[in-house]
1. Scan the stretch 119-136 for residues that are touching a helix residue (DSSP H, G or I) at 6+ places or on another chain (Cβ under 9 Å) and loosely packed, with under 14 Cβ neighbours inside 10 Å and report the count.
2. So residue 365 ticks every box in (1) under 30 Å from residue 167 (Cβ atoms); (2) over 24 Å from the mean Cα position of the chain (by Cα) but one. Which box is left unticked?
3. Please go through (1) closer than 20 Å to residue 108 by Cβ; (2) outside any loop (DSSP other than H, G, I, E, B) for residue 258 and return the number of the only condition it doesn't satisfy.
4. Return the only residue of 385, 390 being within 30 Å of residue 48 (Cα to Cα), modelled with pLDDT of 90 or more and outside any loop (DSSP other than H, G, I, E, B).
5. Would you confirm whether any residue within the stretch 178-196 is within 16 Å of the ligand (Cβ to nearest atom), in contact (Cβ under 8 Å) with a residue 60 or more places away in the chain, in contact with a helix residue (DSSP H, G or I) (Cβ under 7 Å, 6 or more places away or on another chain) and part of a loop (DSSP other than H, G, I, E, B)?
6. Could you check the stretch 144-158 and list, in sequence order, the residues that are under 22 Å from the mean Cα position of the chain (by Cα) and over 10 Å from residue 92 (Cβ atoms)?
7. Of the residues 302, 264, which is farther than 27 Å from residue 357 by Cα and modelled with pLDDT under 95?
8. Return yes when residue 208 is under 21 Å from the mean Cα position of the chain (by Cα) and under 25 Å from residue 441 (Cβ atoms) and no when it is not.
Ligand SMILES: [Zn+2]
């Protein structure tokens, strides 16, 4: 006797929070397709546990389709493989190239963070902990990746055809439009927006419209906010450089995501240097991943918009100017720590939860001549989020530090569209024909405000899934 099993969607991450993106689609023939496999980041003391519990059996996943390479969308793939998944991982060429450096880096960061934590635990006679996965797991994951074409369709099997639509978030990022054929041969369509970029991104092409969909899984990061206008970037950056590095002879520390954000800041500083405005201070890109990501970006000019392509005809290299130093080795990085001269340090990770930026903050955050410049989204529970919220004291590597440095923030470097830009992006849809719009990837209060705006735009059936909540499609 066989039972009819309807098609279902379950969000196992980025559900009422911004990280851990992981959406499980179970077809009516029993196939399990995972859209993204992100790591939870900056969820406070729950982070480790969240990353250790799937909610489903990795061995039952048939394949994974990725929207883009950010770690909160791909970072648990090596653990999925370690825990028994052996299917294919479909992604665009840009995403595969970026995953090639990011997943290995993620494995190394965890291994080194765990070493540091274990050293301290050993001193206190506490039990030691293990990294979630290692470099070998990451390498095995990369060998399972299969390229899908950009802005084009790809038939995976008799149940699933996926079409990708560039969405301007980071290099290689796309919205995924799925045509799902049911047992009775009827077809339902579902779009996963991934993270929605901006129409006027400094480097990338603008997001493309996607076909009418029965179901949409839509991100919500900036569902309740508007960004500063883009053309304020250079004067704003100049003011901070002049105040911190010239007047106070201090350092500027910029926690930045290695991909896109870092290159946007470098490109803005490059434009200032090319125009002869930037004072002669050293600028360090201190993150092996950011250095490698900049190389990958330089290679993939097919994703560049016409403005940067035109700038390249004048300047040659948009990511290179005098006094800009790309730092890969740990020794060089440590030297920056002891330097007394004014400088700009751009380092990962963006939420300051991992990587070398934690060391730079630890060494410089108590000095009032310095500035911490926050340039993107930071979850409220992350280190960058707590600095942004104005906490007078923050914990770094388990020790308290006074926040005496000036805290500045520039939202306009965001790789996410604000609510107006996201509404414009969704205007390609006949809202009343969308059977259900699922809001993911946002803080719950933001999602409630975003839902109101979407209802006003005509989307009548909105769900804000709880982690593990099951929806019949
Ligand atoms: Zn992203």
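The values are calculated or read from the model by the stated rules, or taken from the named source; none is laboratory data. The model shown is predicted, which means the values in this text are computed figures rather than measured ones. For neighbour counting, all protein chains shown are included, and Cβ atoms are generated from backbone atoms with ideal geometry for every residue, glycine included.
1. Number of matching residues: 6.
2. Condition (1) is where residue 365 drops out.
3. For residue 258, the exception is condition (2).
4. Sole residue among the options that is within 30 Å of residue 48 (Cα to Cα), modelled with pLDDT of 90 or more and outside any loop (DSSP other than H, G, I, E, B): 385.
5. Yes: the stretch 178-196 contains one or more residues that are within 16 Å of the ligand (Cβ to nearest atom), in contact (Cβ under 8 Å) with a residue 60 or more places away in the chain, in contact with a helix residue (DSSP H, G or I) (Cβ under 7 Å, 6 or more places away or on another chain) and part of a loop (DSSP other than H, G, I, E, B).
6. Passing the criteria: 144, 145, 146.
7. 302
8. Taking the combined requirement at face value, the residue satisfies it.
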